[in-house]
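Below: one structure, written as C-alpha cells.
Throughout, read-outs are computed from the coordinates displayed, never taken from laboratory work. Because the structure is predicted, anything quoted here is derived from the model rather than measured. Backbone-built Cβ (ideal geometry, glycine too); neighbour counts: all protein chains shown.
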C-alpha cells in the first residue's frame with residue numbers, strides 16, 4: 001500500500017506519549033518546517049548526539065552518533081542519505097580511511113563531473129546506499145546520464161526521527177526519509193531505519209522503499225559496506241556461502257585464484273571486483289564476513305537473498321593514503337551500468353503504491369568464539385556445494 005507519510009508522521013508526533021516508544025525526538029521534518037541543529041540526549045548505557053559541522057565542504061552536514069560504553073559507537077549522516085560513517089567497539093574500528101576526510105555536504109558535489117564519477121568526491125562511509133532509482137557504473141542512455149551509484153547517498157533526509165522503546169531491551173531507532181522525486185521521472189521514497197540495543201555488538205537496518213508515483217518504475221540497490229584496518233590486513237580473508245564466483249572484468253581475472261584472500265597495502269593496485277551468487281538457508285537467510293589473519297577480529301553482514309539476491313566483493317587494497325579498503329555488497333544488482341543490468345534481467349520493478357523492504361544485520365566480531373560461530377554458520381549454509389569459479393566476466397562494459 002502507498003504510505004501516507006504526512007498523516008503517519010503527524011500522528012506519531014501527536015501520539016508519542018501513548019505509543020510504544022518511551023521517547024520520540026523529531027530532528028528534521030520539512031513538511032512542518034522543523035530543523036533541529038546541535039542536540040543530545042542520554043539514558044542508561046547510551047547517549048545520542050547530533051552535531052552540525054562547519055567549514056570546508058562539510059559546512060552544514062549533520063552527524064548523529066549513538067554511544068554505548070559497553071557496546072558500540074555508531075555514527076551516521078542524515079545529510080548524506082543516512083549513510084553510516086563508521087562504527088566501533090572493543091577497540092575495533094568498522095569503516096575505512098578515505099582521501100575524502102570531510103563529511104561532504106551534497107551541495108558541494110556535482111554527480112555528473114568526471115563523466116559521471118562525481119559521487120566519489122564524497123565517498124568515505126562504512127555503509128553507502130547505492131540506488132535506488134539506479135546504481136552501478138556510470139553510462140549515458142535514454143537521453144540522460146546515469147551517474148555512478150545513483151542519487152540516494154547524496155540526498156539529505158527530509159524527515160529524521162529518533163525513537164527509543166519503552167520496554168526492554170530499550171532499542172534505539174534512527175529513521176530517515178530519503179526522497180528521489182523528479183517531475184516526469186520518478187517518485188521513489190525510502191524510509192531508512194537503524195536499530196540498536198545498547199550494549200550489543202550488532203545493529204540492524206530496515207529500509208522500506210515505496211513507489212509514490214502512478215506508474216511502475218525500475219529500482220536497484222547495493223548496500224556498499226566498506227571495511228579496513230584493523231580487520232583488513234595481509235592474510236585477512238572473506239567468507240560467504242556461494243555457488244559461483246566470476247571476475248567483474250578482465251583485470252579481476254588475475255585475482256580469481258585468491259579471490260577470498262587479501263594482501264597488505266599495495267602500490268598501484270587497481271580495484272578488483274568479483275560477482276558472487278550467494279547461497280542461503282531455506283528461508284533465504286545468509287551472511288558474509290571479513291576476518292583478520294589471526295581469526296580473533298571480524299565483521300559479519302546477515303541479509304536475505306529474497307530481498308538482496310546477489311553479492312559483490314570489492315577489493316581495493318591500494319596504499320593506506322589512497323584508500324586501503326574492501327567492500328562487501330549485498331544487492332539486487334551487480335555494479336555494471338544499468339543498461340547491462342537491464343539486459344541481464346537484474347533490474348527490479350516496483351508497482352505504483354508498492355513497498356519493498358530490505359533487512360541487514362551488521363555484527364562486530366571481537367574474539368575467537370564469535371569468529372568461529374560465524375565461520376560455522378557460513379559452512380553450514382555452504383554444505384557440500386562446491387564453489388564454481390567462472391573465468392569469463394558475465395558482462396563487458
ask   = For the pair residue 361 and residue 385, what calculated FRET efficiency results from E = 1/(1 + (r/R0)^6), where r is the Cβ-Cβ distance and R0 = 22 Å, to the nearest 0.05?
value = 0.40
task = Kindly provide log₁₀ I(q)/I(0) values, in the same order as q = 0.23, 0.28 Å⁻¹, from the Debye equation applied to equal alpha-carbon scatterers of the range 134-198.
result = -0.98, -1.18
query = Using mean Cβ contacts within 10 Å as the protection proxy, how do 241-248, 177-184 order, highest first?
reply = 241-248, 177-184
request  = With springs only between Cα atoms under 10 Å apart, run a GNM on the chain and tell me which of 359, 121, 258 wobbles the most.
outcome  = 258
key: Segment residue 215-residue 392, extension gain: residue separation times 0.36 nm, minus the distance between their alpha carbons   = 60.0 nm
ask   = Which value, in Å to one decimal place, does the Kirkwood hydrodynamic radius take for the range 93-155 when every pair of different Cα atoms is included?
value = 12.2 Å
task = Set the Förster radius R0 to 41 Å, insert the Cβ-Cβ distance between residue 51 and residue 296 as r into 1/(1 + (r/R0)^6), and round the FRET efficiency to 0.05.
result = 0.80
query = Between the range 257-322 and the range 206-256, what is the C-alpha centre distance in whole Å?
reply = 8 Å
remark   = Distance in Å, no decimals, from the C-alpha centre of the range 349-382 to the one of the range 17-68 is 28 Å
message = Take residue 24 and residue 39, extend 7 Å from each Cα along the Cα→Cβ direction, and tell me the distance between the two endpoints in nm.
response = 1.3 nm
Förster radius 25 Å - calculated FRET efficiency between residue 342 and residue 263, Cβ distance, rounded to 0.05 = 0.10
key: [x] -0.30, -0.51, -0.96; [y] -0.53, -0.78, -1.06; [z] -0.35, -0.59, -1.06, with the label sought being that of the calculated log10 I(q)/I(0) by the Debye sum over Cα atoms at q = 0.07, 0.09, 0.12 Å⁻¹   = [x]
task = In whole angstrom, note down how far apart the Cα centers of the range 81-104 and the range 162-203 are.
result = 18 Å
